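The values are calculated or read from the model by the stated rules, or taken from the named source; none is laboratory data. What you see is a predicted model; the values in this text were computed from it and never measured. Cβ coordinates were reconstructed from backbone atoms using ideal geometry, including for glycine residues, and neighbour counts include every protein chain displayed. Keep in mind that these areas ignore ligands, DNA and RNA; they rest on the heavy atoms of the full protein, side chains included. Shrake-Rupley method; radii C 1.70, N 1.55, O 1.52, S 1.80 Å.
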Amino acid sequence: MSEEAKNKKKFPLWMYPKTRQLVADWYQRDNCQSQSEFIEKAIKFYCGYISAEEGMRFLPAAITTAMTGMVDGLENRMSRLIFKLAVEMSMMMNILSTTADVDENTLRKLRGKCVEDVKQSVGSVTFENVASFQKRERCD
């Protein structure tokens, strides 16, 4: 017998017949060896629940593990998508650079303008906006 089991104390517990039936029905489904083990687990869980309501941090290990897995999966998907986007952008820049004759000063100005565009639009620059800007630049 373990040291913890030796320290267990027996005491009278009063509960309604319906509650007693719930314990009898559910303790084996939770892989508990006894109804006492089930009640003890339920009490610990409920105490954690009350602690969470009082602002303490309490998340069962299963939820924490699941959330970590979801975040890791999202991080992997986003990394792959960003890599694919970078490859496509590199291909496009290489194709455009073979036909475009742009000096370094113009490139530097364009980079600054593009950074500002992306900041102002929170990353949603449209082709229509860029085409409109380029047409205005050619007319000036």
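Answer yes or no as to whether residue 51 is closer than 30 Å to residue 30 by Cα and surrounded by 10 or more Cβ atoms within 10 Å (Cβ to Cβ).
Working: closer than 30 Å to residue 30 by Cα: yes; surrounded by 10 or more Cβ atoms within 10 Å (Cβ to Cβ): yes.
Yes, satisfied.
Put simply, of 88, 37, 116, 128 the only residue that is under 30 Å from residue 11 (Cα atoms) and not in a loop (DSSP other than H, G, I, E, B) is 37.
The residue pairs whose first member lies in region 63-83 and is surrounded by 10 or more Cβ atoms within 10 Å (Cβ to Cβ), whose second member is among the charged types (D, E, K, R) and assigned to a helix (DSSP H, G or I), and whose beta carbons are closer than 6 Å, counting only pairs six or more residues apart or on different chains, do not exist in this structure. Pairing residues of region 117-140 that are surrounded by 10 or more Cβ atoms within 10 Å (Cβ to Cβ) with residues that are assigned to a helix (DSSP H, G or I) and among the small types (Gly, Ala, Ser), at Cβ distances under 9 Å and at least 6 apart in sequence or on separate chains, gives 129/121. Considering region 102-113, and only residues there that are open to solvent by 70 Å² or more (accessible area, probe 1.4 Å) and assigned to a helix (DSSP H, G or I), the residue that is nearest to residue 85 (Cα to Cα) turns out to be 111.
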